[in-house]
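Engineer: Please read through the structure below; I'll follow up with questions.
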Amino acid sequence: MSDRNQNERNNKVVVPIGPQHPSLKEPGSFKITLDGEKVERAVVEIGYNHRGIEKACESRNYIQALYIIERVCGICSHAHTLCFCQAFEELAGLEVPRRAHYIRGIVGELERLHSHLLWLGVAAHEIGFDTLFMYTWRDRELVLDLLARIGGNRVNYGVNTYGGVRRDLEPELMQDILHVCDLLEEKLKYYADLALTETTLIARLKGIGVLTPDDVRKYSAVGPVARAAGIEGDVRVAEPYGVFKEIAVNVITDDHCDVYGRTLVRVKEMLEAIRLIRIMVAQIPEGPISVRAPRKLPVGEVLSRVEAPRGEDIHYIRSTGTDMPDRVRVRAPTEANWHGMSHMLEGFQLADVPIIIAAIDPCYSCTDRAIHLIGDGINQLTDWAQIRALSIEQYKSRGIDPGSIKVREF
Amino acid sequence: MLLSIFNVLVFPGLLFLGAYSFVLEFVDRKVYARMQSRKGPPWYQPLADMLKLIGKKVIVPRNAQKFLFAALPTVSLAAVCAAFLCVPVWGATAVTAYQGDLVAVLYLLTIPTLCHFLAGYNSHEVYSTIGAFRTLTQMFAYEVPLFMAFLSPAILAGTWSISGIAAFYAVHPLYTLINLPVFIVSLLTSQSKLERMPFDAPEAETEIVGGALVEYSGRYLAYFRGTAIAELTAIASVLAALYLPFFTGIAWLDFVLYLAKTFVIVLMMVLLRATMARIRIDQTLKFFWSILTPIAMLQMIVNLLLRGGLGL
Amino acid sequence: MRKKQERPGGLAGLAIKNLFRKPATQVHQFGEEGIQKGYRGKLLYDPSSCINCVMCMRDCPTGAITIKNFGTKEDKQMHAYLNMGRCVFCCQCVDTCPKKSLSFSSDVLLASFTRESLEIEL
Amino acid sequence: MNTEETILALNKRFPALEATSARPLRIFTAFAAPEEFEKTLQYAFSKLDYHKGKHIVGTDEGENIGLSYILSNDENVLLVLRERVPKSAPHVRSMGELFPSLMLHEREMVDLFGVQVSGLPEGPNYPLPDGWPEGEYPLRKEWNPAYFNKQTMTYEPPKEEDAK
C-alpha cells in the first residue's frame, strides 16, 4: 500500500498488462510503471504456461516423446520435432535419406512462411491495423492448407519421425506448393512495398523497441531480433543441417535495430523462404523417405539446433541406453529473446508496449514448456458441478430457485 | 403542435435518428468487413448487439460515484440527439433551426467526449483513467481544427445556422469547392472525435483494453454505444449539410439526397478506418496541431477575404 | 530496394478492390469443406488382422488407445477402445501397427457434450 | 575462436575439464571442481570470448545435481561447462553479471531443481505457479507427478509402509 502511495505521489501508475490482456495472445504478465505515457520500468513475469513437457518426456519412450515435443509450440511444431529428431539421429548414428531432408526442408520453410505471416498479422493488430491483419491471415490459410495436405493437420503436422519423414510428397502436391508460392510471392511483395511506404505503419514501428548490436550480444538475442540489429545469427548458415548443406541461404539482416527492422527482416525472410522452397521442389531427389530407427539409444548426450522461425532452437538429450530419454531440455527461441525485454520496453510509451512485446514474436508456451499433461477427466466434471452449485446459490440469494429447473447435464 | 412533436420524436427526429444510426453502423461494419475480405455481419447485427447489451447485467465499480456513473451515458446520448435535431434532413430546414445553431451543435457534440472522460475518470481503474486522459488530450488536439473547419463554410455563407448555410450553398453550389480543404480536415477530425482508426488511441483495445469505458457494462454501455453510432450519424449529417449541400427543392428528393450524401461520407470514413494503423497520442497531437490546424486557419482567412472580395 | 515515397492509406486500392471480390471467409457448414485429403481424423480399426501385439498402446504418447482380447489366444475377439479426449491425432499407432489393422479417416467432427461419450470403441 | 582452438586453450588452462568434441561446433567437458567452476566461466567469457549464455541444463545425477552451462561465441560453437552440486545442499553463485541471459535459467533451476542461487536479484519466480508447495522440485528424479494433487497443490507420496 505504501508503495502505491509513493507511486501516486510521484505521479506514477503501475499498469498491469496481462496475464489476461487483449494484446497478449497467451498469458504473460508485464508490470509497467508509467510516468505519464512513458514506460519507466517494466517487470516481465512469465511461466503461466509451464506444462511439464520435459518431465513428461522423461517418463515416455522416444516415439511418444516426439509427439510431446511437437506440442511444445503450436507454430514452430516442425522446428522442434526436427531438432529433436536430429538429436536422436546424431546419437543413434542414423543416415537420413536425402529425399527426407528435402521434405523436411520444404515443410520447415512453409512453416517459416506461416509463422511470419501470423506474426505480421498479430503485429498489425497490435498497432490497430486490422485490415492488414485480416489480409495476412487470409493468405496464411493458403500455407496452412498446404501443410494440412502434407502432414495431415493444420498445426501439428507430424511430418518428422526418427530417420526420415512420415509422408511422401506427391508430384501433384509439389505443383500446388509451387502454385501457392507464386500466389504468395505476389502478395508478399505487396506487403513489403506497403511496409516501406505506409506512413502510419512506419510512424508506429520506427525507432521503438531498440536493441542495439551491443545489447544483442549482451542479452544473446536470436533470430529476427538479432538479425534486425545486423547480426548474422542464422543456424542454417552457421551450422548447416539437412537440406541446407546443399542449398545456400541468404541471411536477411537489417540495420534499423528496432521493431521496424524486425518487420522488414521477417517480410524479406518470407520472400527468401519462397525462393528456397522453389529450389527444393526443383531439386528434390527420388528415393526412400525414411530409414528404420532403433527404439533404444546408446549412452550419450547431444545438443542439436535448428533455425526455427523465431530463431535458434536448441535441444539437449541425454540417454542412458534405454528407450526413454534421461533428460530432455528444450531451449526455445523465444526463451532467448525474453532477457532483453525489459531493456527494450523501458523509455518508450505505453502505446508501444504491445508491439514491442509482439516484435520478438513471443511464444509463451515455448518458453515455459511444460506439468499436467493428461487431464484425468474428473476435474472438468466436478468443476462444472461446482460452477452450477455456485450459480444456484447466487440465484437463491436473489430469491430465485433455479434448482428446480431441469438443466441438461453437460 | 402535434406535428412538431411528431417531428421531434419520430421523423426526422429521434426515432429516425435511432433507425438510421443502426443502418449507418451496419454500413460501416459491413463495408469495413468487405474491405478486409470478410463476409461481415447480417443487417440486424447492430440492433441485436444493442438489445443484447441492454439485457445484460450492470456492474458498477465500488469506488465509482454511482449517480455520475449512471447519468453520464444518458447525458451524452441526449446531447447527441439534441445536436441531430439541428441538421436539415427532410427539406431544407431542420426541425429546430435558429441563428447560431452551428455553434450549439459543436458544443453539444463536445458533451459525449467530456462524458467519456468523466466516465473513465469516475471508474477509478487504471486502464480507464489512462483512456480518460487520452480522450481529453485528443480533444484538445482536434477541437481547434474541427471548430475552424466547421466555421469556415459558415463564414463564407455569412450565417451561423446549419440550415442557412445549406441554403446558401444550394444557391451557390460551386462555392462548396472552395471548402474542399476543410472538408478533408473535418473528415479527419470527425474520425478523431468519434475515436475511430487511425485516431482511436483513447480506446485502443490492444493497449488499454477499451479505454475510458472499460468498467461499463449492460445498458449503460449500450447507451454509450448508442451515443457513438448516433454521433456518427449526426456528424455525417452535419458534414453533408455543410460541405455537400445540393438541393432540389422537392422534400422527398432532398431526403434521398441526404441519405446518399451521408452514405458517401460514411464510406469515406470507413476507408480511412480500414487503411491506416492507429497512431500514438503524441503523434495525433503533432499531426493535428502542425498540419490540420494551419490548413483550417488558412481556409478561414481565405474565406473571410473571399467574403469581402466577392461582396456577398 | 529503391527508396520509395512514404504515403498514408497505401492499402486503399486493395481495400476497394476487395469490396467487389468474393469474401475469403465463409459460413461454416458441417461438411467436408476445408478438410484436406489425408487429414488425420478418427481412427479405424480392423479386428480381423490384429495380432494383439499392443505396439500401438506402447507408442501412443497419451495412452489414448486400448486393445483388448476378450477371446483366447487362438480364437481372438479383438476390441479397440479410443479415448478421444486424450487422442492427439498424431496417428503414430497407424505407423507402428505391424499388420496395418489401424488406419485413419478424415472424420474430424468428433465433439461431444460429455467426457464419457468421448471414450468410444473403434 | 573455433572448436579446436577452444579445446586446446581450455585443456591447457584447466586440464581437469577434459574438453572433447565429438563433432564440429560442440564441446563437452567433464564436471569441474566447484571451486574451479566460476573461474572456468570467467575464463571462457573473458579470454575465449564466449559471451552468449545460451542456457543451463539441469540434470539429476543421483546424489548430485548437475548444471550444464551452455555458452556460445560469435562462431556459434556450443561450449558445455558443468558443475555438480550435492542434492542435500545445492548452492551456486549467480552468473548474472557475466551472462544476463542466464538469469532466467537460474530462476528455473531454483524452481525445478531446488538449487539455491546466491546473488540472483529479487524477482518473480519462474516457471512454477504461485502457491507451489515449498521443497517440491519437480525435475528431480524422485519426484513423481502421479503423487501430485492438483486440487490442493500438495505432493502426497505414498507412505513407505503402504508401498510395502
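Engineer: So how far, in whole Å, is the C-alpha centre of segment B:283-309 from the one of segment B:67-126?
Structural biologist: Answer, in whole Å: 25.
Engineer: How many Lys pairs in chain A lie less than 29 angstrom apart by Cα atoms, where the lysines are 8 or more positions apart or on different chains?
Structural biologist: 27
Engineer: Rounded, prolate or oblate: pick one for chain D, where a ≥ b ≥ c are the square roots of the eigenvalues of its C-alpha gyration tensor, a/c under 1.5 means rounded, and failing that, prolate if a/b is larger than b/c, else oblate.
Structural biologist: It is prolate, given that a/c is not under 1.5 and a/b is the larger ratio.
Engineer: Is there a pair in B:LYS30/B:LYS286; B:LYS39/B:LYS261; B:LYS30/B:LYS193 whose C-alpha atoms are over 27 Å apart, and which pairs would that be?
Structural biologist: Going by Cα-Cα distance, B:LYS30/B:LYS286 fall outside the 27 Å limit.
Engineer: What does the C-alpha gyration tensor say about the overall shape of the protein assembly as shown? Classify as rounded when a/c is under 1.5, otherwise prolate if a/b is larger than b/c, or oblate.
Structural biologist: prolate
Engineer: Can you give the average number of partner chain beta-carbon atoms within 10 Å of each beta-carbon in peptide C:12-22, as a whole number?
Structural biologist: The mean count of partner-chain Cβ atoms within 10 Å per residue comes to 6.
Engineer: Can you find, among C:CYS91, A:THR322, D:GLY123, the residue farthest towards the positive end of the dipole of the protein assembly as shown? Put +1 on the C-beta of Lys and Arg, -1 on that of Asp and Glu.
Structural biologist: Of the options given, the answer is C:CYS91.
Engineer: So who's got an amide H within less than 5 Å of the one on A:GLU312, skipping anything under 5 residues away but keeping other chains? H placed 1.01 Å off N, in plane.
Structural biologist: Here A:GLY223 satisfy the definition.
Engineer: Using per-residue counts of other Cβ atoms within 10 Å, averaged over each peptide, order B:115-124, A:170-179 from highest down.
Structural biologist: B:115-124, A:170-179
Engineer: Any idea what the relative contact order of chain B is, in percent, if you count C-alpha pairs under 8 Å spaced at least 6 apart?
Structural biologist: 27
Engineer: Turning to a different aspect of this structure: Can you give the mean number of other chain Cβ atoms that lie within 10 Å of the Cβ atoms in peptide A:129-142?
Structural biologist: Partner Cβ neighbours, averaged per residue: 5.
Engineer: Next up: Ignoring everything except DSSP H segments at least 4 long, calculate the 222 nm mean residue ellipticity for the protein assembly as shown; use -39,500 (n - 2.57) per segment, divide by total residues, nearest 500.
Structural biologist: The per-residue figure over the protein assembly as shown is -15000 deg cm²/dmol.
Engineer: Counting every Cα pair in chain C, what percent are over 22 Å apart?
Structural biologist: Beyond 22 Å sits 53 percent of the P(r) for chain C.
Engineer: Just to confirm the filter: which GluC sites (Glu not before Pro) across segment A:90-145 are DSSP coil and have at most 14 other Cβ within 10 angstrom of their Cβ?
Structural biologist: Hits after loop and neighbour filter: A:GLU95.
Engineer: Under 19 Å Cα-Cα from B:LYS57, which aspartates and glutamates qualify once same-chain neighbours fewer than 8 residues away are excluded?
Structural biologist: Result set, ordered by chain and number: A:GLU393, A:ASP401, B:ASP49, B:GLU215.
Engineer: Looking at the square roots a ≥ b ≥ c of the eigenvalues of the Cα gyration tensor of segment B:165-312, which shape do they give, rounded for a/c under 1.5, prolate if a/b is larger than b/c, or oblate?
Structural biologist: Since a/c reaches 1.5 but b/c is at least a/b, the shape of segment B:165-312 is classed as oblate.
Engineer: Hey, another quick one. Compare C:PHE20, C:PHE70, C:PHE89 in a GNM of chain C, Cα atoms joined below 10 Å, and give the one with the largest fluctuation.
Structural biologist: C:PHE20
Engineer: Need one value for B:30-36: mean number of C-beta atoms belonging to other chains within 10 Å of its residues' C-beta atoms.
Structural biologist: The shielding value for this peptide is 6.
Engineer: Sticking with this one: What ranking of A:VAL249, B:VAL238, B:VAL270 emerges when the number of other C-beta atoms within 10 Å of each C-beta is taken as an exposure proxy, fewest first?
Structural biologist: Listing A:VAL249, B:VAL238, B:VAL270 from fewest to most nearby Cβ atoms yields A:VAL249, B:VAL270, B:VAL238.
Engineer: Can you find, among D:ASN144, B:THR233, A:VAL249, the residue sitting farthest towards the positive end of the charge dipole of the protein assembly as shown, where Lys and Arg contribute +1 and Asp and Glu -1 at Cβ?
Structural biologist: Value computed over the given set: B:THR233.
Engineer: Let me ask something else. At a Cα cut-off below 17 Å, give the aspartates and glutamates reachable from D:LYS159, other chains included and same-chain residues fewer than 8 away excluded.
Structural biologist: Within reach: D:GLU136, D:GLU142.
Engineer: For chain C, what is the number of Lys pairs with C-alpha distance below 21 angstrom, counting only pairs 8 or more positions apart or on separate chains?
Structural biologist: Step by step, the pairs that qualify in chain C add up to 11.
Engineer: With +1 on each Lys and Arg Cβ and -1 on each Asp and Glu Cβ, how big is the dipole of chain A about its Cα centre, in debye rounded to the nearest 20?
Structural biologist: About 880 debye.
Every number here is computed from the coordinates shown, using simple stated rules; none is lab data. Source: prediction; values computed, not measured. We place every Cβ from the backbone using ideal geometry, glycine too, and count neighbours over all the protein chains shown.
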